[in-house]
Amino acid sequence: MPEAIPSGGRSVVGTRHPRSDAVAKVRGEAAYVADLTFPGALEAAVLRSPHPFARIKRIDVSRAASLPGVAAIAYAGNTPAIPLDFAIKDQYLFARTYARYAGEPVAAVAAHTKRQAEAALAAIDVDYEVLTPVLSIDEALAPGAPLVHPQWRTYERSAGRVLRGNVCGYNRIRRGNVERALKRAWAVVESRFTFSAGIPGYLEPRAAVARREPDGGLTVWCGSQSPYSNREELAAFFNLPLDKVRFVNQFVGGAFGGKILLAAEWYAAALALQCDRPVRLVFSRHEDGLHVFARHGGRALIRSGVAQDGGLTAMQASFVFDGGAYSGYGNGAALIATMLVSAPYRIPNLDLEATLVYTNKQIAGPVRAPGGPQATFAKEVHIDEVAARVGCDPVTFRLRNMWDEEDESPAGQRLRGVSAKRVLQAAADAIGWGTPCRPNRGRGIACSWWFSSCGRSEARVEVRADGSVHVTSGNPEVGTGAATGSLPIIVAEHLGTSPGSVFLHLADTADAAYDSGVGGSASTFSAGWAVLAAARDVREQLLSVAEHALEARRDDIVIGEGRLFVRGSPEHGISLGEAAALAGGVVCATGATPQIDDPSLEHPARLEHHEFAAWLAPSFTASAAEVQVDPETGRVTVERIVTAQDVGTAIDPAGIEGQIEGGAVQALGFALSEELQFGPHGIMNTGLGDYLMPTIADAPDIQPIIIESPSHEGPLGAKGVGEPPVTTPGAAIGNAVYHATGNPPHDVPLTPERVWRGLAQSRADTTSAAEFPHETAKTR
Amino acid sequence: MLRLPPFAYHPAASLEDAVGMLARYGWRALVVSGGTDLFANMKQRLFTPEVVVGLRPLRELSYVRASEGGVAIGALTTLTHIAEDPVIESRYPALHEAVSVISTPQLRNMGTLGGNICLDTRCNYYNQDYDWRRALGFCMKKDGQVCRVAPKSPTCVAVNSSDSAPVLIAYGATLRLAGPEGRREVPAAEFFRNDGMRPWCKRPDEILTEVRLPALPAGTRAAYRKLRLRNAIDFPILGVAVMLQVEAGVCVRARVVLNAVASKPVEVPDAAAALVGTDLNPRALDEAADAAYAAGKPLDNTSGSIPYRKRMLRVFARRALAACAPGS
């Protein structure tokens, strides 16, 4: 059951406070990794393959090593020949026999100046045999396609993981008999979608400083989402004792999933282990663009059967995601896509599959809500096409088929706290669904579900005799506001103080407050549990002190405004600091996340190769959008986005609204403009001048609506908040364009040119096909 | 981060000093005013000057001066200053529109009119990081031999991306240059050359000092329409500037100028011919837009496909024309 808030009601939880890192960031005082200075630090640079696919016949570093200022060179020849620790062991720290994408690290150099390091890179002789690259899903899956990993059969992999030539991930969920149901359906609607790859879009490029310590250890300053697990991975790889490796997280300039995996840290560490001086590696924007863990490009085919009364009877869906050169964490998007595509709709017959393929492109990674924007776009535009086929309003059609309390997920999880209809209705009402639209305007709606994650987290809360309240958590603040927003609120609620007076100590592994990191919307969920447990313990200790000091019954003591006092006589009390002094100078406690079991599945036999089918504390989100389409240019202007999100309990509503607004703008970029372009030598648009993220001038009016349906599993009833709001707005924009133009959009992003081609196509279909003779060929 | 290559910075004490330094250092020197174009390009190693001559101290070249003969704008006047100038907004609305849609407010605060006119031509294969260009084998505009867009082309086809240039040509502006041999004036229409590597007639040792806009006869209207993908930052994928003069309901003079379709702004005399002598009825505007469509020949070196940009020529020409036609 959701834990009750102490003293009856909420006084801090659910109220608005500035996050504790806001002032430092706005004033430019926050120090990011690149701002750190170390006396005598060496500067590092990374040599990267210019070829999407090449065999490396020889690497000779001797000429580079003799250049002035060069202190260390790291490459395949002098770093451990063990694969990185992923589910498929297909990747090394440096390219060894093959370079598999343009930008893959081949060597790294540390020198006294950056210029010397770059000069040394140019003097490393690499003998490449250029191979024909695999640059698309179609090329990867074609019969007789060149293999991105010719030696794939020799790779170790975790149990159940599919690996077969260029296919490096596959999962399927089946329920009922889809073939029969499709045959019997009143109508079958089929839609095909394509998605371009994108970047996480954080502003601070990856950077790290590594320093070998006199005791044989290593310290790494970084801006990571998961410094504790990064540290374990790095220590194991270089065979260092874990307790001698320290990761110190700095302010992080955005991450969005792109900073879960080690990047600059690897190369700074590999070089620092050869030197007795700190090594500093700061990626340029271009280099960060090459080293990106991208949002998956891919495609989807969805076929649904519907009865004449508007009831969905069957869905067959097939996703193929471009995983890039290495499997990494790329399979998450495929696992999530099959969980999303039929939800939150009651469909008795399902056959849902997703495939991950290797190509000679950048590695696809866990970008905010992996697979979420893509799968939600596909399924929700498809649902509107089905609704149109049965002549039903999109909102009515969704409500007709939507999950209710106690319905089951595709994998057979019995669902509780199902707020799908509530969020859908809230978004529809807010956008003015059903009221007339001017010409070339359209409204669209989309609804989906998502999970919460509970990692492992530890925290320490202490009240000192000077009255200060300190929270130590391993959770890194990467910009989401989970650590700097929610954690102080949870502590302030329990210790009767204000969030602004809580000092935060975050994500330094020397603090021994483990945290499994930011990802999967886990931060407030797992770190929140740890901080909550510690804060409750401290509260009880303070009450015990006050009991004696005030000679009052425990039940009569009130905590508030930084004091403990007797109910009804506020003058009869002591401050938190005085209580700490009475307790010997400090009152402190540690806390950790409790053991929370995954929900059970009633029909595990429906799953094939699926290890992510039981979703903890699921939440529901709906977005509605209103757009204006310029029929002559195809340009889409998004006027409004409304997102209604079930957050369980809104611990930090201001922070949640920030997540919803940020998610809407990120989804706007996904839907309309963001697209990695690959040329013969890799990514064409690594810079933010050419990779078209929305600007503030493109951002629409965004209305966040917080819906509270407390979970049974989260701290104070919370659910994961960070990822859901990026999943639905893109789909809502897609449906709004559908209704403004009459054409369901199938190729994302909806650039003006694609929308214009769609319009030209439909004009050609209805008037004269000769009007657009050559343009129509490329349109589907 | 991308770093600037090493260079010596010499702030100019006076215009004569700046001209003198250019004469002295020759090809090894470049001038900078706002730095919004030059420094970004230097970071990509598109320019590696040994000496950068700073024009920013020359505050005397920052002004908007109206007179009976027209308006004179100092080359170092910031784009923000021009965008906010009430005389420009009321008398030269197309210039107001053009400078208002350049890049971002921050860059307009730094960027100058002279810098926008002398904006380096742009291309998908040129405006790339050094390593990227090296992997491709470079192009003729910098470090290489051939054009990557049109391998058979003897000249570079990088695109003129200045929003102000087509408008200045449409208005019949004159540009003043200062060089070691004194000063000279060049009509804006003759300033630009269709060569992506040498896009101006300005000699390397000359400095653009002033833009003179002529006084416009009564009944003159002008407009600029820009196609871009976002509402900020982006260079034009296409731009159309139109200037029309109407007397007693009849168009007596017209100029239609396209940008971002060639290495120089492209004037379309056929469009003007379709308008002059008419009452600017919808058919005349359509014919002029058709002429713009026929005249623009975009290449595959900016965002957007060739067919799309070509189609949009007609749409944007028609919109700019409609904005100028009486009754609009």
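Numbers below:
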quantity	calculated
Karplus-derived 3J(HN,Hα), 6.51/-1.76/1.60, for each residue of segment A:265-274, Hz, glycine and proline x	4, 3, 7, 4, 5, 4, 6, 4, 5, 9
Lys, Arg +1 and Asp, Glu -1 on Cβ, resulting dipole of segment A:146-249 about Cα centre, debye, nearest 20	780
Hypothetical label at residue A:765: residues of segment A:707-744 whose amide nitrogen lies under 18 Å (7 Å Cα-Cβ projection)	A:734-744
Residue B:14 versus residue A:603: modelled label distance in nm, points set 7 Å from Cα along the beta carbon direction	9.0
Percentage relative contact order, chain A, counting C-alpha pairs under 8 Å, at least six apart	16
Residue among B:115, B:249, B:296 with the largest mean-square fluctuation in a Gaussian network model of chain B, springs linking Cα atoms under 10 Å	B:249
Magnitude of the charge dipole, the protein assembly as shown, Cβ model with Lys/Arg +1 and Asp/Glu -1, debye to 20	2980
As computed over segment B:1-57, the Cα convex hull volume per residue (Å³)	70
Three-way shape call for chain B based on the alpha-carbon gyration tensor, with the a/c threshold at 1.5	oblate
Residue B:286/residue A:547 FRET efficiency (R0 51 Å; Cβ-Cβ; nearest 0.05)	0.05
Segment A:571-618: GluC sites (Glu not before Pro) in DSSP coil with no more than 15 other Cβ atoms inside 10 Å	A:602, A:611
Mean residue ellipticity (222 nm) of the protein assembly as shown, computed from DSSP H runs ≥ 4 via -39,500 (n - 2.57), nearest 500	-8000 deg cm²/dmol
Computed label-point distance, nm, for sites residue B:198 and residue A:396 using a 7 Å Cα→Cβ extension	7.1
Loop-located GluC sites (Glu not before Pro) in segment B:32-77, at most 16 other Cβ atoms within 10 Å (DSSP)	B:50, B:68
Distance (nanometres) between label positions extended 7 Å along Cα→Cβ at residue B:146 and residue A:274	3.7
Anchor residue B:264: aspartates and glutamates whose Cα lies under 13 Å away (excluding residues fewer than 8 positions away in-chain)	B:120, B:163, B:190, B:195
Calculated FRET value between residue A:215 and residue A:595, using beta carbons and R₀ = 41 Å, to 0.05	0.70
Theoretical gain in end-to-end length, residue A:57 to residue A:183 [0.36 nm per residue, Cα-Cα removed]	39.8 nm
Spin-label zone in segment B:262-281 - amide nitrogen under 19 Å from a point set 7 Å from the Cα of residue B:253 along the C-beta vector	B:267-280
Cross-link table A:361/B:310; A:57/A:244; B:142/B:297; A:25/B:226; A:25/A:244, entries beyond 27 Å C-alpha to C-alpha	A:361/B:310; A:57/A:244; A:25/B:226; A:25/A:244
Choice from B:117, B:233, B:82 with maximal GNM fluctuation in chain B (Cα, 10 Å cutoff)	B:233
Extreme residue, positive dipole direction of the protein assembly as shown, given options A:423, A:240, A:636 (C-beta unit charges)	A:636
Residue (of A:214, A:584, A:725) at the positive-pole extreme of chain A, dipole from beta-carbon charges	A:725
Cα centroid separation, segment A:703-744 to segment A:18-94 (Å)	37
Chain A: C-alpha gyration tensor shape, a/c 1.5 cut-off, then a/b vs b/c	oblate
For segment A:189-262: Kirkwood Rh in Å [reciprocal of mean 1/r, alpha carbons]	14.2
Most positive-pole-ward Cα, B:53, B:21, B:6, against dipole of segment B:1-57 from beta carbon charges	B:6
Cα point-scatterer Debye curve for segment A:105-164, base-10 log of I(q)/I(0) at q = 0.24, 0.25, 0.26, 0.30 Å⁻¹	-1.01, -1.06, -1.10, -1.24
Dipole magnitude of segment A:321-398 about its Cα centre (Cβ charges: Lys, Arg +1; Asp, Glu -1), debye to nearest 20	160
Shape category assigned to segment B:192-328 from the gyration tensor of Cα positions, a/c cut at 1.5	oblate
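None of the figures in this text is laboratory data; all of them are computed from the coordinates on show. Not measured: the values here are computed from a predicted model. No Cβ is skipped: glycine too gets one built from the backbone with ideal geometry, and neighbour counts run over all protein chains shown.
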